[in-house]
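The values are calculated or read from the model by the stated rules, or taken from the named source; none is laboratory data. Everything numeric here is computed off the predicted structure, so don't read it as measured data. With ideal geometry, Cβ positions are generated from the backbone for all residues, glycine too; neighbour counts draw on all protein chains shown. Surface accessibility is based on the protein's heavy atoms, side chains included, excluding ligands, DNA and RNA. Shrake-Rupley method; radii C 1.70, N 1.55, O 1.52, S 1.80 Å.
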Amino acid sequence: TGTNKALLTTSGTDALEMAALLCDIRPGDEVILPSYTFSSTANAFVLFGAKLVFVDIRPDTMNINEHLIENAITEKTKVIVPVHYAGVACEMDTIMDVARRYNLLVVEDAAQGVMSMYKGRALGSIGDIGCYSFHETKNYSMGEGGAVLVNNPTFVERAEIVREKGT
């Protein structure tokens with residue numbers, strides 16, 4: 001994937017929960033995500049007290065409408081979570097531009113995006129953190145399992161510690 005570090009997890013849900021932990025989500029932090037996604041995407045951040053801010057999707061891709069994200073940002077926004085539905089890439093150039101201008105983290109839910117690309121880059125390898133799922137309903141299956149792609153080098157050491165439950 002070209003990422004700094006890839007760590008296997010027990011599921012895609014665990015990968016998302018680990019991403020929320022790495023983002024240091026606290027009660028009251030806002031997380032922007034698409035109005036159409038799987039419950040694990042939302043629950044991973046709610047577990048840490050985040051307020052979810054849903055942004056409508058594009059009818060042509062079923063992905064978050066990148067042109068509506070900026071209007072959803074407040075002073076409490078901490079993370080944008082684009083979900084690459086059915087392996088179709090979100091418009092990551094626009095999303096990353098918005099995130100950088102507002103100093104926000106980007107966690108890609110690429111559960112269905114293993115081996116899918118955006119402008120020559122693997123889905124999950126563009127944002128700060130990417131999450132894969134290897135559930136039996138995904139394009140690469142091992143029954144269960146997932147992975148966290150750590151693209152932001154400042155998270156690599158902490159990600160290894162978190163995955164090993166603090167050891």
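Listing for the model above:
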quantity: Test: residue 89 is outside any strand (DSSP E or B), open to solvent by less than 10 Å² (accessible area, probe 1.4 Å) and under 27 Å from residue 136 (Cβ atoms); calculated: no
quantity: Failed condition for residue 14, given (1) open to solvent by 30 Å² or more (accessible area, probe 1.4 Å); (2) in a loop (DSSP other than H, G, I, E, B); (3) of a type in the set (Asp, Glu); calculated: (2)
quantity: Which numbered condition residue 25 fails, given (1) farther than 16 Å from residue 110 by Cα; (2) surrounded by fewer than 22 Cβ atoms within 10 Å (Cβ to Cβ); calculated: (2)
quantity: Total residues in segment 66-82, condition part of a strand (DSSP E or B) and closer than 19 Å to residue 131 by Cα; calculated: 3
quantity: Of the criteria (1) touching a helix residue (DSSP H, G or I) at 6+ places or on another chain (Cβ under 9 Å); (2) open to solvent by 60 Å² or more (accessible area, probe 1.4 Å); (3) of a type in the set (A, V, I, L, M), which one residue 68 fails; calculated: (1)
quantity: From 99, 72, residue being at pLDDT 95 or above, in contact with a Gly (Cβ under 9 Å, 6 or more places away or on another chain) and under 20 Å from residue 37 (Cβ atoms); calculated: 99
quantity: Given (1) closer than 19 Å to residue 119 by Cα; (2) touching an Asp or Glu at 6+ places or on another chain (Cβ under 8 Å), number of the condition residue 78 does not satisfy; calculated: (1)
quantity: Residues located in segment 28-65, provided they are surrounded by fewer than 16 Cβ atoms within 10 Å (Cβ to Cβ), among the small types (Gly, Ala, Ser) and assigned to a loop (DSSP other than H, G, I, E, B); calculated: 28, 35, 49
quantity: Considering residues of segment 136-158 that are within 14 Å of residue 122 (Cβ to Cβ) and at pLDDT below 75 only, the residue least open to solvent (accessible area, probe 1.4 Å); calculated: 139
quantity: Count of segment 100-135 residues which are among the polar types (S, T, N, Q), closer than 21 Å to residue 156 by Cβ and open to solvent by 20 Å² or more (accessible area, probe 1.4 Å); calculated: 1
